[in-house]
Amino acid sequence: MYIAIEGIDTAGKSTQIAALKKAFTNAVITKEPGATSIGKEIREMVLSAHAKSKRAEFLLFLADRAEHIQEVIEPNLDKMIISDRSAVSGVAYALIQGEISKKELVELNNFATKRIYPQKVFLLQLTKKELEYRLSQKELDGIELRGSEYLLKIQDAITEATKLLGLELIIIDATKSREAITADILQAL
């Protein structure tokens, strides 16, 4: 089974993936973007912000996604695959930017992924109050500096992206305890 753990910064994706790794000791743990050698180079290119075009940036992410599917996902479809983010995040961020139509987003992702998507997408959902508290407790990166309103738009866009791609979405209350969140995910599997 191929699953993705989605959520905005501070939602607890890394914590839950670590817990799931203990529950599924033979699972393939991966991430998007940057799970392959080419993907790492693409990630660096995108983070360097040299691309002036949002479309070019999106196409770089699609290249990473295509490589990730071929190198990591396809060869392991007979195993439990747990991914930190997936095509869902890529579509969500593109939706926020608004430069590519929804139809194009779906078609381009279908091409890049060969229509191989997570069977279950878990969204670790935060309230505005909890998000702002968590952000206040850490040094913020470039995305987090855009503020809670921006991050909450991404959270909503993750839900929309999952619907556009026709994927099963399981929303998990990320304000619960770590153990309760893990239990919710395991129960849904």
Any idea which residue in the stretch 128-172 is surrounded by the fewest Cβ atoms within 10 Å (Cβ to Cβ), counting only those that are touching a strand residue (DSSP E or B) at 6+ places or on another chain (Cβ under 9 Å) and among the hydroxyl-bearing types (Ser, Thr, Tyr)? Thr159
Within the stretch 28-73, take every residue that is part of a strand (DSSP E or B) and surrounded by fewer than 20 Cβ atoms within 10 Å (Cβ to Cβ) and give me the one that is nearest to the chain's Cα centre (by Cα). Ile29
If a residue must be part of a loop (DSSP other than H, G, I, E, B) and more than 15 Å from the chain's Cα centre (by Cα), how many such residues does the stretch 127-148 contain? 8
So in the stretch 146-168, with the set limited to residues that are polar (S, T, N, Q) and in contact (Cβ under 8 Å) with a residue 24 or more places away in the chain, which one is farthest from Tyr117 (Cα to Cα)? Gln155
Does any residue of the stretch 175-182 turn out to be at pLDDT 95 or above, among the aliphatic types (A, V, I, L, M) and part of a helix (DSSP H, G or I)? yes
Out of curiosity, is Gln187 without any contact (Cβ under 8 Å) to a residue 12 or more places away in the chain, out of contact with any Leu (no Cβ under 6 Å at 6 or more places or on another chain) and not small (Gly, Ala, Ser)? yes
Kindly provide the set of residues from the stretch 36-70 that are in contact with a helix residue (DSSP H, G or I) (Cβ under 8 Å, 6 or more places away or on another chain) and of a type outside the set (A, V, I, L, M, F, W, C), ordered by number. Thr36, Gly39, Arg43, Lys54, Glu57, Asp64, Arg65, Glu67, His68
Taking the criterion of being more than 28 Å from Glu179 (Cα to Cα), surrounded by 22 or more Cβ atoms within 10 Å (Cβ to Cβ) and not aliphatic (A, V, I, L, M), would at least one residue in the stretch 101-112 satisfy it? yes
Please indicate, with yes or no, whether at least one residue in the stretch 122-145 is closer than 21 Å to Ile81 by Cα and free of Cβ contacts under 8 Å to residues at least 12 places away in the same chain. no
Please list, ordered by first then second residue, the pairs with beta carbon atoms under 6 Å, 6 or more apart or interchain, first in the stretch 78-94 and outside any helix (DSSP H, G or I) and surrounded by fewer than 24 Cβ atoms within 10 Å (Cβ to Cβ), second at pLDDT below 95 and among the polar types (S, T, N, Q). none
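The values are calculated or read from the model by the stated rules, or taken from the named source; none is laboratory data. Because the structure is a prediction, the values reported are computed rather than measured. With ideal geometry, Cβ positions are generated from the backbone for all residues, glycine too; neighbour counts draw on all protein chains shown.
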